[in-house]
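Undergrad: My questions all concern the structure below.
The values are calculated or read from the model by the stated rules, or taken from the named source; none is laboratory data. It should be emphasised that the depicted structure is a prediction, and the values quoted were computed from it without experimental measurement. Please note: Cβ atoms are built from the backbone with ideal geometry, for glycine as well, and neighbour counts cover all protein chains shown.
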Amino acid sequence: MKTIFYEQNQLNISKKLEQGYFNVYTNPTPMQLKFIIDLFLNSKNYNGLIVGEESTILKQIKKQFIHIKAAGGLVFNKKRELLLIKRLGKWDLPKGKLELGETKPIGAIREVEEECGIHGVSILKKLKSSYHVYPFENAWALKTSYWYSMNYEGDEKLIPQLEENITEAVWVNFKALDLDKLETYPAIAKVLHLSQSLLE
């Protein structure tokens, strides 16, 4: 299943029917898809489900938005602590937009190192991507964030990138982190929940 977030709203895409959804659509037409997206953007606490071929439907949805690609990482140090940043008052994972012609892994490493002031980060494996929608230049953007688990063996002091509205960068005990109480973004919360198995 893939989930697109807009604030607290969720639009889920699954190849099979899932239980617990009030708004369910199967293989919507282009006109129906526009209607679904309108509900998703203009309803409160919307939680819809589209049933069909996930990658095809996601591709159709992306066409309705300005599509922005970003990459970042879940970085673990020698103590198996997780690197978190505080951006605009909420806890986040280091990530940022890919530059023109940049590959996803290279962009993910660059963003982590720039946003946290460290060097020598390496990728362990690719994780599931996340998706969220936000207002952008009098329109709507859908950002796909490509995530990687990463390793950092150094001991440099973390330096938050202030020009990117990052005020803190800290190492935390991931196993002890209460994800349900963490003040973060819904898409980031899902990435963290899915990644807890990394330390198991």
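Undergrad: Among the residues of the range 127-180, how many are touching a residue at least 40 places away in the same chain (Cβ under 8 Å), hydrophobic (A, V, I, L, M, F, W, C) and within 27 Å of LYS2 (Cα to Cα)?
TA: Counting residues in the range 127-180 that are touching a residue at least 40 places away in the same chain (Cβ under 8 Å), hydrophobic (A, V, I, L, M, F, W, C) and within 27 Å of LYS2 (Cα to Cα) gives 11.
Undergrad: Hey, does the range 145-152 have a residue that's among the aliphatic types (A, V, I, L, M), part of a strand (DSSP E or B), at pLDDT 95 or above and touching a Pro at 6+ places or on another chain (Cβ under 7 Å)?
TA: Going residue by residue through the range 145-152, those that are among the aliphatic types (A, V, I, L, M) are 150.
With part of a strand (DSSP E or B) added as a condition, the list becomes 150.
Still in the list and also at pLDDT 95 or above: 150.
If we keep only those that are touching a Pro at 6+ places or on another chain (Cβ under 7 Å) as well, we get none.
So far as the range 145-152 goes, no, none of its residues is among the aliphatic types (A, V, I, L, M), part of a strand (DSSP E or B), at pLDDT 95 or above and touching a Pro at 6+ places or on another chain (Cβ under 7 Å).
Undergrad: As an exercise: evaluate GLY73 against (1) surrounded by fewer than 14 Cβ atoms within 10 Å (Cβ to Cβ); (2) in the same structural domain as TYR146 (by TED's automatic domain parsing) and give the number of the one condition it does not meet.
TA: Evaluating GLY73 over (1) surrounded by fewer than 14 Cβ atoms within 10 Å (Cβ to Cβ); (2) in the same structural domain as TYR146 (by TED's automatic domain parsing) leaves (1) as the failure.
Undergrad: Quick one: in the range 37-55, which of the residues that are out of contact with any helix residue (DSSP H, G or I) (no Cβ under 9 Å at 6 or more places or on another chain) and in a helix (DSSP H, G or I) is surrounded by the most Cβ atoms within 10 Å (Cβ to Cβ)?
TA: Step by step, filter the range 37-55, then rank; the result is PHE40.
Undergrad: Of the numbered conditions (1) closer than 29 Å to LYS181 by Cβ; (2) free of Cβ contacts under 8 Å to residues at least 60 places away in the same chain, LYS90 satisfies every one except a single condition; which is it?
TA: Condition not satisfied by LYS90: (2).
Undergrad: Of all residues in the range 81-119, count the ones that are in contact with a Phe, Trp or Tyr (Cβ under 7 Å, 6 or more places away or on another chain) and either more than 20 Å from ASN173 (Cα to Cα) or in a loop (DSSP other than H, G, I, E, B) (or both).
TA: Of the residues in the range 81-119, the ones in contact with a Phe, Trp or Tyr (Cβ under 7 Å, 6 or more places away or on another chain) are 81-84, 90, 92, 104-105, 108, 118.
In the following step, the residues that additionally are either more than 20 Å from ASN173 (Cα to Cα) or in a loop (DSSP other than H, G, I, E, B) (or both) were identified as 81, 104-105, 108, 118.
Total satisfying the criteria: 5.
One line per residue, one yes/no per condition, for (1) among the small types (Gly, Ala, Ser); (2) crowded, with 19+ Cβ neighbours inside 10 Å; (3) under 20 Å from the mean Cα position of the chain (by Cα):
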{"site": "GLU102", "(1), (2), (3)": "no, no, yes"}
{"site": "GLY107", "(1), (2), (3)": "yes, yes, yes"}
{"site": "HIS119", "(1), (2), (3)": "no, no, no"}
{"site": "SER122", "(1), (2), (3)": "yes, no, yes"}
{"site": "ALA141", "(1), (2), (3)": "yes, no, yes"}
{"site": "TYR148", "(1), (2), (3)": "no, yes, yes"}
{"site": "LYS157", "(1), (2), (3)": "no, no, no"}
{"site": "THR167", "(1), (2), (3)": "no, no, yes"}
{"site": "VAL170", "(1), (2), (3)": "no, no, yes"}
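Undergrad: For GLN60, all conditions in the list (1) under 20 Å from VAL133 (Cα atoms); (2) in contact with a Ser or Thr (Cβ under 9 Å, 6 or more places away or on another chain); (3) surrounded by 12 or more Cβ atoms within 10 Å (Cβ to Cβ) hold save one; what is the number of the exception?
TA: (2)
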